[in-house]
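Take a look at the structure set out below.
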Amino acid sequence: MKYRHRNEPGLLPLLAEVLEGTADLSGAACAGRPELFDEAGPDEDVDNVRFRHRAAVRICSTCPALDRCRAWAETQKDLGGMVVAGRAPRLRGRQPYSERTQKG
Ligand code: SF4
């Protein structure tokens, strides 16, 4: 079998292209913990999602990259249903956690 030669620049230039314009989140406390920050699974119990996201928000509050992450997040149109920069998404039919806790 013959393979055609591909004129791609290589892995490092490709990675640089992909990462261009992304925030420098070095030191991010969420690294390696996506299971807490991810959006709700299709059949995931809402209480489980809330529990995970609260834990994620607490991690964000101690993150050394919080200011950079928040600045980046404010430039995004849609962050989906993930916890980003200490902000949890509004769960369908529920108030955001911060509003719920403020009302006591
Ligand atoms: S603020 Fe939260 S979401 Fe942003 S980098 Fe830190 S831990 Fe991750």
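Filter the range 34-86 down to residues that are buried (at least 16 other Cβ atoms within 10 Å of the Cβ), farther than 23 Å from THR22 by Cα and charged (D, E, K, R) and give me whichever is nearest to the ligand (Cβ to nearest atom).
Among those residues, the one meeting the criterion is ARG52.
Give the residues of the range 10-43 that are small (Gly, Ala, Ser) and not in a loop (DSSP other than H, G, I, E, B), sorted by residue number.
Passing the criteria: only ALA16.
None of the figures in this text is laboratory data; all of them are computed from the coordinates on show. The structure presented is a predicted model; accordingly, all values stated were derived computationally and were not measured. In this analysis, Cβ positions are derived from the backbone assuming ideal geometry, glycine residues included, and neighbour counts consider all displayed protein chains.
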